[in-house]
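Values quoted throughout were computed directly from the atomic coordinates according to the rules given, and no laboratory measurement underlies them. Small disclaimer: the values here were computed from a predicted structure and weren't measured. All Cβ positions, glycine included, derive from the backbone under ideal geometry; neighbour counts span all protein chains shown.
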Amino acid sequence: MRIIPPNPDAGLASYAALESTSHGRIYSEASHPYRGAFQRDRDRIVHSTAFRRLVYKTQVFVNHEGDLYRTRLTHSLEVVQIARTIARALALNEQLVEAICLAHDLGHTPFGHAGQDSLNACMRDYGGFEHNLQSLRVVDVLEDKYAEFPGLNLCYETREGILKHCSRRNAREQGDVGDRFLEGKQPSLEAQLANLADEIAYNNHDVDDGLRSGLITVDDLCSVALFHEQHEAVCRKFSDISERALIHETVRGMINRIVTDLIDTSRDEINLAKPTDVEDIRSRPRPLIGFSPEVYKEHRVLKKFLQTSLYRHERVEQMTVRANTIVTGLFELFFSSPEKMPAEHVARAVILERELGDAGRARVVADYVAGMTDRYALSAYRRLLDADIKF
Ligand code: MG
């Protein structure tokens, strides 16, 4: 029996990122008999080594502090859920959105932002390190799985969404996906919403993780209007509710309010702007996906609260110090003695050093250290530098 391929663009808005108008892959490939191009991108990401590492990478709390905190993997899955809901409501490309969201954090170092800041400092003289750019590097270069091309050879639209921020200096080296940062243009609506779904996911799950850790309290959070409003509403509706369910219902109410606002506001913006197709979306000076001014402000207040009360909490800061010791120690060790890295990294270091000198060797070391999970980095540090380091 011959399988008739379904039309992956069926039911989508004309201004969605369509497969029929895709800019395609870097290395051209024959189409698949029954999977669309963005579906294949999603599948390649899920099968990648970098994706499996996300389960042992810190979001805010180090993996071994507790089994119930978000990791990069569960964070990425929550981003997908939120983004797919929004995509479906706006008739945008759900498959593409899913691929972008699953890949958005692949370039993160061990130990969350603390690890990225340390690695960036180590790379100061060699072009710096930025997790967002590294996510693109993982899918374009570092994954080694396919016989006919390096990386995962994803579609332009998926890569466009992965590169959500980029300095002008770095943009010049990124080819087609870097151009919009130089020209002041927008990415597809799918990329715009994936970016905001990331923010919605972490602001809300960090409330839950923060409360679970005891580093912030419900009383503290009641100073944040977005939380307070939903918390009051749940208390009014359910007088006899467990503390855990109260927190979950509150966070659920917050996500619902923010996501509904985003869908309504974006739909109004789209109706007003009347975009014709994805190229029209890209040529605009500002994004069409966004919050109402009121929710934008409320969401920012929540973000500020988390920054001052949770991310800069003494206990989280302690992790930052240890992460810096480990990441910097490993970088310096492998930079001065590259032969201590596994054979495939040593081979790459030789090639890149020949091409780019010290900067080439530094880049290979950064790729290796960035790819480590928290526990791999910790055990490498203990084995090679200090057996007694506590974490
Ligand atoms: Mg993220």
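Prolate is the label for segment 315-384. Its Cα gyration tensor axes, ordered a ≥ b ≥ c, give a/c of at least 1.5 and a/b above b/c. Calculate, in whole percent, how much of the Cα-Cα pair population of segment 256-350 lies beyond 17 Å. Every Cα pair in segment 256-350 considered, those over 17 Å come to 71 percent. Length gained on full extension, Ser239 to Val218: 5.9 nm, using 0.36 nm per residue less the C-alpha separation. Roughly speaking, what % of Cα-Cα pairs in segment 86-194 are separated by over 16 Å, rounded to a whole number? Of all Cα-Cα distances in segment 86-194, 62 percent exceed 16 Å.
In this rough spin-label picture, where each label sits 7 Å from Cα along the Cβ direction, the Glu29-Val321 distance is 4.7 nm. Please work out whether segment 220-279 counts as rounded, prolate or oblate from its C-alpha gyration tensor, where a ≥ b ≥ c are the square roots of the eigenvalues and a/c under 1.5 means rounded, while otherwise a/b larger than b/c means prolate and anything else oblate? Prolate, because a/c is 1.5 or more and a/b exceeds b/c.
Ordered by the count of other Cβ atoms within 10 Å of each Cβ, fewest first, His313, His299 give His313, His299.
Here r is the Cβ-Cβ distance between Glu183 and Ile389 and R0 is 51 Å; the resulting FRET efficiency, rounded to 0.05, is 0.65.
Here is the link list: Lys185/Lys274; Lys237/Lys304; Lys57/Lys297; Lys274/Lys297. Which ones come out longer than 22 Å on Cα distance? Kindly include the intermediate steps, with their values, before the conclusion.
Numbers: Lys185/Lys274 17 Å; Lys237/Lys304 29 Å; Lys57/Lys297 30 Å; Lys274/Lys297 26 Å.
Table pairs above 22 Å Cα-Cα are Lys237/Lys304; Lys57/Lys297; Lys274/Lys297.
Tyr146 to His47: extension gain in nm, 0.36 nm per residue of separation minus the Cα-Cα distance? Don't jump to the answer; show the numbers that get you there.
Details: separation 99, 0.36 × 99 = 35.64 nm, distance 1.16 nm.
My answer for the length gained is 34.5 nm.
Okay, helix-only estimate at 222 nm for the chain: each DSSP H run of n ≥ 4 adds -39500 (n - 2.57), divide by all residues, round to 500 deg cm²/dmol; what do you get?
It lands at -18500 deg cm²/dmol.
Modelled spin labels at Ser292 and His248, positioned 7 Å past Cα toward Cβ, are 2.9 nm from each other.
Of the residues Gln230, Gln39, Asn271, the one whose Cα sits farthest toward the positive end of the charge dipole of the chain, with +1 on the Cβ of Lys and Arg and -1 on the Cβ of Asp and Glu, is Gln39. Counting every C-alpha pair in the chain, the share spaced more than 39 angstrom apart comes to 21%.
Kindly identify segment 28-157 as rounded, prolate or oblate by the Cα gyration tensor criterion: order the square roots of the eigenvalues as a ≥ b ≥ c, call it rounded if a/c is under 1.5, otherwise compare a/b with b/c, prolate if a/b is larger, else oblate. Write down the numbers at each step before the final one.
Numbers: a/c = 1.99, a/b = 1.30, b/c = 1.53.
The shape class here is oblate.
In whole angstrom, how far apart do the alpha carbon centroids of segment 118-142 and segment 235-262 sit? For segment 118-142 versus segment 235-262, the Cα centre distance is 38 Å.
Give, rounded to the nearest 20 debye, the magnitude of the charge dipole that segment 40-145 has about its Cα centre when Lys and Arg contribute +1 at Cβ and Asp and Glu contribute -1 at Cβ.
Numbers: 13 positive and 14 negative charges, 43 e Å.
Here the size comes out at about 200 debye.
Counting every other Cβ atom within 10 Å of each residue's Cβ, Leu302, Leu385 order from fewest to most as Leu385, Leu302.
Averaging sequence separations of C-alpha pairs under 8 Å and six or more residues apart, then dividing by the length of segment 201-261, give the relative contact order as a whole percent. Could you put the intermediate results ahead of the total?
Numbers: 33 pairs, mean separation 22.2, N = 61.
Worked out over segment 201-261, it gives 36 percent.
About its Cα centre, how strong a charge dipole does the chain have in debye, to the nearest 20, once Lys and Arg get +1 and Asp and Glu get -1 at the Cβ?
Details: 50 positive and 58 negative charges, 69 e Å.
Here the size comes out at about 340 debye.
Put in order of Cβ neighbour count within 10 Å, fewest first, the listed residues Tyr146, Tyr15 become Tyr146, Tyr15. Dipole of the chain computed with +1 at Lys/Arg Cβ and -1 at Asp/Glu Cβ about the Cα centre; of Phe291, Ala191, Asn132, farthest Cα towards the positive end is Asn132.
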